[in-house]
Amino acid sequence: MSIAKEAAAFFRSERAFHRLFVEMKRKYESLGRVGGTVSLQSFSDEEREAIAAFFGKDVSRVSLIAFEKQLGQTRFAGVGLVELLEQYFGAPLVSNKERRQAEAEERGRFFARLAEKHHWFEAVCGQRFVQTAYETDRDGLEAAVGLVGAALGYFPLPSYMRLPLFAQQVAGDPHAFDLSTLPGRLLLSALQATVPGDWDMASVESVNELLQSVGLLREDILNFVTCANILAETKDGPHPVFSAAWEANTALNMPLRDVLSLVRARPAHGGTVYIVENAGVFSTLLDTRAPLVSTNGQMNLATMKLLDLLASSGAKLYYSGDFDPEGLAMAERLQERYGQAVTLWRFSVEDYRAANPVVDLTPERLAKLASVTSTPLQPLKEEMAETKKAGYQEAIIGRLTEDING
């Protein structure tokens, strides 16, 4: 047996030294060298007595350099502290800096290997959820990347397919690409990196549009547009349901599945479509028999697809929403998407005051106003930021009705 192994065996037999050895190992890993001290304040009496016997005196702190020097005064002379600790713990000592460097190099090799096989991965590997997946389950991450790589080979799909059916076809599991799963999040990130466009992954409508751009439908039945007095056509001619609803002045909740089959849409009469944010306002305005669309709080893909067709027909789009940060943000998104085809309807400061805003806006909601940059919305934005209160379009329903009736 070598002298270092003999020394390690001796100290392992003296259990009162174990805690000191653990702390000296930790100190070496922190500093990357023999140095620093270990406080004995929390050590037991038995542990302090054993250490005092080793040094020949009471000590309150143990210097690693002093321990190595004292070791040289014993029958284990010639054994360094690093060698002793490595024999004691049965593994080489590695500093925290060296360990982090080795881990970073291993991580780099792992990501480089995946990026070489799946070129899109290079653009998404820096995202936090990917890094977290590597730390918690790198085998699972590699499997998910491979699954997404296989999925990308199918795009663009020759015809629309629902996401669960696509997942079943690719992975044998209809929930494989649910957007709450790692493969689902990776698929979205891969599409964001490879499909041209400015995609906002925090926006539900933007996510749905991104999926639809490659032929995937996240939901095509419960994703519907609420409208009235709109006429539409498929490639086979006029859509009978739209026509019948117009004749009966009946509201339609038309699923995305059916909206995607349309090739044209237009107001049933006149050249204007009135878009409102809230279903209650829509229902009230239905009595005017005006062409109407309700966003029901937030824009979804079915609504945007119908509005796309209406804008393409040359229809004028008038939008009225709530006087709150979310309502202004939606108005701005419509402006960005439809340009001069959309007119902001009753978004003046005077209309805001007429709505008698009394609902307090939290600092978090007020902060959303900073993202509203549309020039026509600036006066209202500034007034809202000053009053810190929200108003709602139900309060100006009379003005909306007068506008439609002329």
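Some values worked out for this structure:
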read-out: Carbon plus sulfur fraction of accessible area for the chain, probe 1.4 Å, in percent; value: 51 percent
read-out: Environment charge of Ala315, counting only residues whose C-beta is closer than 12 Å and scoring Lys/Arg +1, Asp/Glu -1; value: +2
read-out: Two-site label geometry, Ser283 and Glu402: point separation in nm, points 7 Å out along Cα→Cβ; value: 2.5 nm
read-out: Bridge type composition, the chain - antiparallel percent by DSSP, nearest 5; value: 60 percent
read-out: Summed side-chain charge close to Leu216 - residues other than Leu216 whose Cβ falls under 11 Å, Lys, Arg +1, Asp, Glu -1; value: -1
read-out: Cα radius of gyration and Dmax for the chain (Å); value: 34.3, 107
read-out: Distance from segment 112-143 to segment 226-266 (C-alpha centre basis), Å; value: 45 Å
read-out: Computed FRET value (nearest 0.05) for Ile3 with Thr136, which takes r as the C-beta separation and R₀ as 41 Å; value: 0.40
read-out: Arg26 versus Thr373: modelled label distance in nm, points set 7 Å from Cα along the beta carbon direction; value: 5.1 nm
read-out: Heavy-atom accessible area order for His269, His175, largest first, 1.4 Å probe; value: His175, His269
read-out: Cut-off 11 Å, label 7 Å out along Cα→Cβ of Lys97, residues of segment 1-38 by amide N; value: 30-33
read-out: For the chain, size of Cβ-based charge dipole, Lys and Arg +1, Asp and Glu -1, in debye; value: 1100 debye
read-out: Relative packing of peptides 283-289, 321-327, 164-170 - highest average C-beta neighbours within 10 Å first; value: 321-327, 164-170, 283-289
read-out: Hits among aspartates and glutamates - C-alpha to C-alpha of Lys381 under 20 Å, sequence gap 8 or more where chains match; value: Glu277, Asp322, Asp324, Glu326, Glu332, Glu336, Glu350, Asp351, Asp360, Glu364, Glu394
read-out: Residue-by-residue Karplus 3J(HN,Hα) for segment 44-49, coefficients 6.51, -1.76, 1.60, Hz, glycine and proline x; value: 6, 4, 4, 5, 5, 5
read-out: Euclidean distance between Cα centres, segment 1-57 to segment 321-390, Å; value: 68 Å
read-out: Dipole-positive endmost among Val358, Ala66, Ala251 within the chain (Cβ charges, Cα centre); value: Ala66
read-out: Convex hull volume of segment 204-261 per residue (C-alpha atoms, cubic angstrom); value: 82 Å³
read-out: Range of Cα positions in segment 59-138 per principal axis (Å), largest first; value: 62, 26, 17
read-out: Inter-label distance, nm, simple model (7 Å from Cα along the C-beta direction), Arg109/Glu382; value: 6.1 nm
read-out: Given charges at beta-carbon only (K, R positive; D, E negative), |dipole| of segment 200-346 in Debye; value: 440 debye
read-out: Accessible surface, 1.4 Å probe, highest first, among residues Thr37, Thr295; value: Thr37, Thr295
read-out: Solvent-accessible area per residue for segment 78-225 (1.4 angstrom probe, square angstrom); value: 53 Å²
read-out: Ratio of Rg to Rh over segment 154-290 (Cα coordinates, Kirkwood Rh, two decimals); value: 1.05
read-out: For Val263, residues with placed amide H under 5 Å, excluding near neighbours; value: Glu233, Thr234, Lys235
read-out: Local electrostatic count at Glu277 - Lys and Arg +1, Asp and Glu -1, tallied over other residues with Cβ under 11 Å; value: -4
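The values are calculated or read from the model by the stated rules, or taken from the named source; none is laboratory data. For clarity, every value in this text was computed on a predicted model and none was experimentally measured. As a convention, Cβ positions derive from the backbone with ideal geometry for all residues, glycine included, and neighbour counts pool all protein chains shown. Keep in mind that these areas ignore ligands, DNA and RNA; they rest on the heavy atoms of the full protein, side chains included. Shrake-Rupley method; radii C 1.70, N 1.55, O 1.52, S 1.80 Å.
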